[in-house]
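Undergrad: Provided herewith is a single structure, encoded as structure tokens, for subsequent inquiry.
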Amino acid sequence: MRAVVVHDGNLEVTEVPLPVPGPGQVRLRVSRTGICGSDLHVRHDAEVSADVAAEVGYPDFMRRSHRVVMGHEFAGTVDEYGPGCRRRWRPGQLVVSLPLIRHGDDVHMTGMSEHAPGAYAEYLLVSEDTTMPVPAGVEPGLAALTEPLAVAHHAVRRGDLTKGDTAVVIGCGPIGLAVILMLKAAGVRRVVASDFTEGRRALARTCGADVVVDPSVRSPWSVIEGDRGLVTSATDLYGAGITALGDLQKVPGVPWWTVMRAAGRLGAGPRGAVVFECVGLPGVIEDIVTHAPFRSRIVVVGVCMQPDTFRPTMASNKEVDLRFSFCYDPVEFREALHMMARRRIDPRPLLTGVVGLDGVAEAFDELARADHHAKILIDPARPA
């Protein structure tokens, strides 16, 4: 079969053996595959990711010297079952799968390891247990977005938002846009999005952001400065506490400490925004910690491939929560798929291009330099 192989930073369309499904595995004919930002990163900087993966217990992450078929965002049709499968779906049925596959006792990351070739190809293998049927009405291009939408769904859940919280999305690339979709699906009433590029700001509006800013012109923090309950200076924070204390002490017989504790449990008093860092470049976390309101929750979704620093004393003074979000669980993956089927989210604005296997290298270059693309899909059946 034809596939795109990355080796030493180069992308090449070549012939590779047709994969044969082993026990518990299903071979899919690839319908659509998304090009992920992490694919762009590991093409040239695989060693950094591989070293971290090895430290956390996965020694088989791709390295620059390996020959790997990438592609972990995909939808495909059932082609052939391996031994021991339950054969749950008819041949030709459209399905998606978590990008993890079991080989014996080992589990490998699909599209990120020599041991688990991905979907930049005409066919790939998946585990039957991690595969899910695509509901009627969800076309292959949308189904291929299940994986990045699950990443965003998990990140929003990590934020522990209420509908009344102010959400700020820094960076409106594919994951930032997916986070906006998931925030609005969760009912969050005020979503502020920030990006330097005009094309991505336009996509953020289409995805439902309530306020969209160009940070070179206007700070997103100035937009939310007057939002109810947000505190942006130490004097305001301390002053609010002293004022509340004084007012309560004027009421005879009222234990001020009990009232203040009860009010805190009900959500009264100063609170922060929920900020989603979707850029993944050095310096962004520090900038957010410095400028976000006191007691904000900062969810880091962007993957920074380089060492970075921020000032812990600033984070401590402002009592911000710094949370990191990486992947998702199987339930979140299924929920993302069915949110599309039930029209709770409409990710079609993310789809900004389709190429065949012969166009993958050029698509990588486009995504690295352009501001108008969000998600380019690969259709292996598309002519050159």
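So that you can scan it fast, the table gives a plain yes or no per residue for (1) in contact (Cβ under 8 Å) with a residue 60 or more places away in the chain; (2) among the polar types (S, T, N, Q); (3) under 25 Å from residue 295 (Cβ atoms); (4) open to solvent by 40 Å² or more (accessible area, probe 1.4 Å):
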site	(1), (2), (3), (4)
163	no, no, yes, yes
166	yes, yes, yes, no
171	yes, no, yes, no
180	no, no, yes, no
186	no, no, yes, yes
189	no, no, yes, yes
192	no, no, yes, no
198	yes, no, no, yes
203	yes, no, no, no
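Undergrad: Taking residue 270 as meeting all but one of (1) of a type outside the set (Ser, Thr, Tyr); (2) closer than 30 Å to residue 373 by Cα; (3) in contact (Cβ under 8 Å) with a residue 12 or more places away in the chain, write down the number of the exception.
TA: (2)
Undergrad: Then there's this: If you take the residues in the stretch 127-140 that are part of a helix (DSSP H, G or I) and touching a Gly at 6+ places or on another chain (Cβ under 9 Å), which one is least open to solvent (accessible area, probe 1.4 Å)?
TA: It comes out as 128.
Undergrad: Now for a separate question. Find all pairs meeting these conditions: Cβ atoms under 7 angstrom apart; at least six residues apart or on different chains; first residue within the stretch 224-249 and on the phi > 0 side of the Ramachandran plot; second residue part of a strand (DSSP E or B) and open to solvent by 40 Å² or more (accessible area, probe 1.4 Å).
TA: Short answer, once both residue conditions are applied: 229/271.
Undergrad: Which helices (runs of 4 or more DSSP H) does the stretch 224-313 wholly contain that include 1 or more residues that are closer than 30 Å to residue 182 by Cα and of a type outside the set (Asp, Glu)?
TA: Hits in the stretch 224-313: 256-265, 284-291.
Undergrad: On the basis of being within 20 Å of residue 119 (Cβ to Cβ), acidic (Asp, Glu), assigned to a loop (DSSP other than H, G, I, E, B) and touching a residue at least 40 places away in the same chain (Cβ under 8 Å), does residue 39 make the cut?
TA: Spelling it out, it is not the case that residue 39 is within 20 Å of residue 119 (Cβ to Cβ), acidic (Asp, Glu), assigned to a loop (DSSP other than H, G, I, E, B) and touching a residue at least 40 places away in the same chain (Cβ under 8 Å).
Undergrad: Which residue out of 100, 94 is under 24 Å from residue 1 (Cβ atoms), open to solvent by 60 Å² or more (accessible area, probe 1.4 Å) and among the aliphatic types (A, V, I, L, M)?
TA: Matching residue, one of 100, 94: 100.
The values are calculated or read from the model by the stated rules, or taken from the named source; none is laboratory data. Computed from a predicted structure; not experimentally measured. Methodologically, a virtual Cβ is constructed for each residue, glycine included, from the backbone with ideal geometry; neighbour enumeration extends over all protein chains shown. With ligands, DNA and RNA removed, areas are computed over all heavy atoms of the protein, side chains included. Shrake-Rupley method; radii C 1.70, N 1.55, O 1.52, S 1.80 Å.
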